[in-house]
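> The structure is given below, and queries will be raised subsequently.
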Amino acid sequence: QVHDELIFEVPKKELDATAELVSGVMSGAARLDVPLVVDTGFGDNWDEAH
């Protein structure tokens, strides 16, 4: 299992649109025989976002 994270600072009003965009881009970043699953989380700090 490989675990990578990206952290973005985004205005609250743009959270949903940003999550959708980032998930779409990351999910299609490579052609694989298995799905590339992307999870998103929100919070004022790393702990809250998980």
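Values quoted throughout were computed directly from the atomic coordinates according to the rules given, and no laboratory measurement underlies them. The shown structure was predicted, so the numbers you read here are calculated from the model rather than taken from an experiment. Neighbour counts run over all protein chains shown; Cβ positions are idealised from the backbone, glycine included.
> Output the number of the condition that Ala19 fails; it satisfies all remaining conditions of (1) outside any helix (DSSP H, G or I); (2) under 9 Å from the mean Cα position of the chain (by Cα); (3) surrounded by 11 or more Cβ atoms within 10 Å (Cβ to Cβ).
(1)
> Which condition breaks for Leu32 when tested against (1) in a loop (DSSP other than H, G, I, E, B); (2) surrounded by 10 or more Cβ atoms within 10 Å (Cβ to Cβ); (3) out of contact with any Lys or Arg (no Cβ under 9 Å at 6 or more places or on another chain)?
Leu32 satisfies every listed condition except (2).
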